[in-house]
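The values are calculated or read from the model by the stated rules, or taken from the named source; none is laboratory data. Here the structure is a predicted model, which is why all the values come from computation and not from measurement. Don't worry about glycine lacking a Cβ; one is built from the backbone with ideal geometry, like all the others, and counts go over all protein chains shown. The accessibility values were calculated without ligands, DNA or RNA, using every heavy atom of the protein model including side chains. Shrake-Rupley method; radii C 1.70, N 1.55, O 1.52, S 1.80 Å.
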Amino acid sequence: RRKLDRMCDASQDCGVLAVVDMQGFDPEEVTVTVKDRKVQVLAEHEEAHTVARGKEYNYKKIKKEITLPPWVSEDEVVYSL
């Protein structure tokens, strides 16, 4: 609860629908869309490392879908990274 309180200031309602951990992703790798009463968060990250035997790749992908409660309008959805 304390963590969410720090994310909100006095000018905000603090009606937080979800918090998604995006550690390891750059902001440009994250896409948020709102359609058909669902908020979709999609993030993809790829890293290439040179090792003794060639290259090694690490790939991460997150996809979260959150259904909006009936009292929340799609136009009211705000997100921040």
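In region 24-69, the residue that is nearest to the chain's Cα centre (by Cα) out of those that are polar (S, T, N, Q) and over 19 Å from SER80 (Cα atoms) is ASN58.
Do you know which of the residues in region 51-79 that are open to solvent by 80 Å² or more (accessible area, probe 1.4 Å) and touching a residue at least 24 places away in the same chain (Cβ under 8 Å) is farthest from GLY15 (Cα to Cα)? Looking at residues that are open to solvent by 80 Å² or more (accessible area, probe 1.4 Å) and touching a residue at least 24 places away in the same chain (Cβ under 8 Å), I get LYS60. Can you spot a residue in region 35-50 that is modelled with pLDDT under 90, open to solvent by 100 Å² or more (accessible area, probe 1.4 Å) and at negative phi? Among the residues of region 35-50, at least one is modelled with pLDDT under 90, open to solvent by 100 Å² or more (accessible area, probe 1.4 Å) and at negative phi, which makes the answer yes. If you check ASP21 against the conditions, is it within 23 Å of GLU74 (Cα to Cα) and at pLDDT below 85? No; evaluated as a whole, the condition is false for this residue.
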